[in-house]
Amino acid sequence: MNSCLRPRGKSLALYDVLNEVLSKCDCQIKEDPTEDYELLVEGLKNRAEFASDPQARRSDRISITTKELLEKRRKLKLDLTATHLIWLVINASCRRVSQEDLQRYKQKKLLEAAEKRSSLKKCRRNLCDCNIPLSAQMNEGGIIF
């Protein structure tokens, strides 16, 4: 049976980082309610700031040239004077470079698994999630380009 079609087991997705961080903190209860409230507000501000920071996504999977090509593609998409031929060329180059990055990433992960003497079969199964090439990328503000 193809390992890509097997379910990997249950994985829980955590969408709310703030709730996760709040559950990890240990809150101290003070005798004075105003002091207790100030500590709570300060802790919430710190945790909300941490939760609002963008997390790194696929940083080792995408090369700098791919990021630059995706940025050019975004700018070209906004340009109304761009020709269809230029659009086809940049799309083809984005697909080609992202496929090369994907192959490089898979090779790197398999090499790391071999050096650690861990299961290559499990590593390949985990890499099946990466088979879909990227079509867009998000910047620090969460905007897709």
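Brief remarks follow.
- Label-point separation in nm, Ile64 to Glu100, each point 7 Å along Cα→Cβ: 1.5 nm
- Taken along its three principal axes, the alpha carbon spread of the stretch 64-130 comes to 54, 18, 14 Å, from the longest extent down to the shortest.
FYI, it's all coordinate maths here, none of it is from the lab. Given the structure is predicted, the values throughout are model-derived calculations rather than measurements. All Cβ positions, even for glycine, are placed from backbone atoms using ideal geometry, and neighbour counts span all protein chains on display.
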